[in-house]
Amino acid sequence: MAAPENTQTNERVDARLEAVVLQRVLDHHPARITVDELARELIGAGDDFAARDGIERALDELTRSGLLHPVADGFVAPTRPAVRIGELLGSLT
C-alpha cells in the first residue's frame, strides 16, 4: 500500500535535510564552517538531540556520497564536485 502523497517518509525528510545542509555549506564556501556552527544556524542554540542527530546523519551521508570532505577537526567543507554542482544549479535559477 502506497503512502499518501502528503505524508513525508523518513527517506524524503532525510533527503531534504541533506539538501539543506549541502546548500548551507556551499553558501559558506570557500570559508569553512564547523559542525557546531552549522547546527546552530539550522536549529538554533537549543539542545535538540533529534535535530542535531539529523544534521550529523546528513553530514555522514553527504560525505559517503562524495559531496563533503570528511569532517576533520570539526570543520565541514564541500568537495570540488559539490562546488561545481552548486555553480551549475545556481546558474539555472
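Miscellaneous remarks
- Per-selection Kirkwood Rh - the chain (Cα, Å, 1 d.p.): 14.1
- Stretching R12 away from V35 to a fully extended chain increases their span by 6.1 nm, per 0.36 nm per residue minus the current alpha-carbon distance.
- At most 14 other Cβ within 10 Å, DSSP loop - GluC sites (Glu not before Pro), the stretch 1-76: E5
- Put simply, the convex hull of the Cα atoms in the stretch 6-45 casts, on average, a shadow of 3.4 nm².
Bear in mind these aren't lab numbers, they're just calculated from the coordinates by the rules spelled out. Since this is a predicted model, take the numbers as computed values, not measurements. Counting neighbours? That spans all protein chains shown, and the Cβs are built from the backbone with ideal geometry, glycine included.
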